[in-house]
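All remarks here apply to the structure that follows.
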Amino acid sequence: MHKKICLIIFFLLVFHLFFTSVYAGELNSRYTTIIYSNESQLRRFNKEIKMGSLSYLMRNKVSISFEDEIKNKMDVLIEKVESILEMYPREIRISIILLDSDKEVQGIYHKKYGRNVDFIAFYSPKDKTIYLSINDVELAVLAHELAHAVIDHYYGITTPTKIHEVLAQYVESHLFD
Ligand SMILES: [Zn+2]
């Protein structure tokens, strides 16, 4: 009896590992690498990032796949953020890690910086990485974090937090100008 249960647990584990490894992955666009743990996360991310009146910037109006649509959105958004800031870093390469909830984002922040925060997303200049909660993400949140990434790449040196914040908020409020 116990053997049978062990066998079932073993197969469930293998099954689980197989599917998570199949769907976990990376998506590379011109400027970004999007890291996700399952396909539904990626689809949800695409759904939550609504381009609205920025849709005219999209290169493929009829996207081949949702993956291509996400890649296109990221690159178009980064270029939009660059033009709002009038900052065009020579090279920009960032990772975007998709997480299920704000609690996960806050857990990573705490591990990195030892502080408790109520963030739904943040950019780490050291890792050139944006950590995002899929539950809370929307265009303005993503644009704000991308602004931090662009500012960081532009100056290439540690920029005062206040400057970062003022500029990232400026981007958020001028996104649709
Ligand atoms: Zn910020």
Leading residue by the ranking (farthest from Glu91 (Cα to Cα)) among those in segment 138-164 that are away from the ligand (no atom under 14 Å from the Cβ) and of a type outside the set (Phe, Trp, Tyr): Glu138
Subset of segment 100-121 that is in contact with a His (Cβ under 8 Å, 6 or more places away or on another chain) and within 22 Å of Ile151 (Cβ to Cβ) - its residue that is nearest to the ligand (Cβ to nearest atom): Ala121
All positions within segment 165-177 that are more than 11 Å from the ligand (Cβ to nearest atom) and free of Cβ contacts under 8 Å to residues at least 40 places away in the same chain: Ser173
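Out of Ser53, Ser83, Ser37, Ser65, I need the residue that is under 19 Å from the mean Cα position of the chain (by Cα), among the hydroxyl-bearing types (Ser, Thr, Tyr) and within 21 Å of Val141 (Cβ to Cβ). Which one?
Ser37 is the lone residue from the list that is under 19 Å from the mean Cα position of the chain (by Cα), among the hydroxyl-bearing types (Ser, Thr, Tyr) and within 21 Å of Val141 (Cβ to Cβ).
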Boolean, Tyr109 is among the aromatic types (Phe, Trp, Tyr) and touching a Gly at 6+ places or on another chain (Cβ under 9 Å): no
Some residue of segment 87-99 being of a type in the set (Phe, Trp, Tyr), surrounded by 15 or more Cβ atoms within 10 Å (Cβ to Cβ) and modelled with pLDDT of 95 or more: no
Cβ pairs under 8 Å, 6+ apart, first in segment 137-160 and assigned to a loop (DSSP other than H, G, I, E, B), second within 12 Å of the ligand (Cβ to nearest atom) and of a type outside the set (Lys, Arg): Val137/Ile120; Val137/Ala121; Thr158/Pro125; Thr159/Ile151; Thr159/Asp152
Number of the exception - Asp75 against (1) closer than 25 Å to Ser40 by Cβ; (2) surrounded by 21 or more Cβ atoms within 10 Å (Cβ to Cβ): (2)
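The values are calculated or read from the model by the stated rules, or taken from the named source; none is laboratory data. Please read these numbers as outputs of a predicted model, since none were measured by experiment. Glycine gets a Cβ as well: all are built from the backbone with ideal geometry, and neighbour counts include every protein chain shown.
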